[in-house]
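Laboratory data are not the source of any read-out in this text; all were calculated from the coordinates shown. Since the model is a prediction, treat every value here as computed from it, not as a measurement. Neighbour counts are summed over all protein chains in view; Cβ atoms, including those assigned to glycine, are modelled from backbone coordinates with ideal geometry.
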Amino acid sequence: SAVISQKPSRDICQRGTSLTIQCQVDSQVTMMFWYRQQPGQSLTLIATANQGSEATYESGFVIDKFPISRPNLTFSTLTVSNMSPEDSSIYLCSVGALGTGQETQYFGPGTRLLVL
Amino acid sequence: AQSVTQLGSHVSVSEGALVLLRCNYSSSVPPYLFWYVQYPNQGLQLLLKYTSAATLVKGINGFEAEFKKSETSFHLTKPSAHMSDAAEYFCAAKTNFGNEKLTFGTGTRLTIIP
């Protein structure tokens, strides 16, 4: 399985500011995903990020609020813009592991964000 | 659309007792199914997965799950609970015809009673 790291691991931010979260993978992967896990909740997919193309956002998430970059096959960033306390969540990146078409997603350790 | 239902948001079992966490999926076409575990302040770790091979799937830490098409279920079990099993468990499904999107259940928090 891929080894995935995220930076920062946690942060406390003031409302109105922006935070960029980095996701680094130890091998080249086609598909990277960004999820949000609000306190006590399950995971919700924010967007799918493929290298060389625009990210595909899920319903309820927009590029202006959550811009994503995917400059190469091992790295992606998610920015949480103009933050409010409602953005306090765990943000997780995941990657699809290639293999005989039966892709499994592996997750990073998450970034714990608290917005004051 | 695919949906995943986990019955019981909280489950408590005594140490050494059987662990049973329930998961049902909605798709008419059997999807790929996954169980993930999240320990406190950590990310998600893959426990096991079903990808249309054997219906009884063995995973890490002594967990296993059985795919039952007739019941559209993929329940997670462990014969004997350990204190270290206390965590949040998520069932997830993905269609097996090219859509990479994972759909998660709402999660079950497992508490182990000493």
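I'd like the Kirkwood hydrodynamic radius of chain B, using the inverse of the mean 1/r over distinct C-alpha pairs, in Å. Result for chain B stands at 14.1 Å.
In plain terms, the chain from A:Q28 to A:K7 could stretch by 5.7 nm, reckoned as 0.36 nm per residue minus the Cα-Cα distance. The phi torsions of segment B:31-36, fed into the Karplus equation with coefficients 6.51, -1.76 and 1.60 and a -60° offset, translate into couplings of x, 7, 10, 9, 10, 10 Hz, rounded to whole numbers, with Gly and Pro shown as x. Taking one quarter of the surface of the C-alpha convex hull of chain A gives a mean projected area of 6.9 nm². Shielding by partners for peptide B:84-91, expressed as the average number of C-beta atoms from other protein chains within 10 Å of each residue's C-beta, is 1. Decide, for segment A:21-60, between rounded, prolate and oblate: order the square roots of the alpha carbon gyration tensor eigenvalues as a ≥ b ≥ c, take rounded if a/c falls under 1.5, and otherwise choose prolate if a/b is larger than b/c, else oblate. Because a/c hits 1.5 or more and a/b fails to exceed b/c, segment A:21-60 counts as oblate. For peptide A:34-45, what's the mean number of Cβ atoms from other chains within 10 Å of each residue's Cβ? Neighbouring Cβ atoms belonging to other protein chains average 4 per residue here. Working note: Cα gyration tensor of segment A:1-40, eigenvalues times five, square-rooted, sorted largest first, giving semi-axes of 24, 12, 10 Å.
Grouping the Cα pair distances of the protein assembly as shown into 5 Å bins from zero gives a pair-distance distribution of 1, 7, 14, 18, 19, 16, 12, 8, 4, 1, 0 percent in increasing distance order.
Below 8 Å, C-alpha to C-alpha, sequence gap of six or more: please give me the relative contact order for chain B in percent.
So the answer I get is 38 percent.
Find the percent of Cα-Cα distances in segment B:60-114 that exceed 13 Å, and round it to a whole number. Beyond 13 Å sits 70 percent of the P(r) for segment B:60-114.
For the residues of B:45-55, the average number of beta carbons from a partner chain within 10 Å of their own beta carbon is 2.
Between amide H atoms placed 1.01 Å from N, distances below 5 Å from A:I21 occur with A:L78, A:T79, A:V80, all of them 5 or more places distant or on a separate chain.
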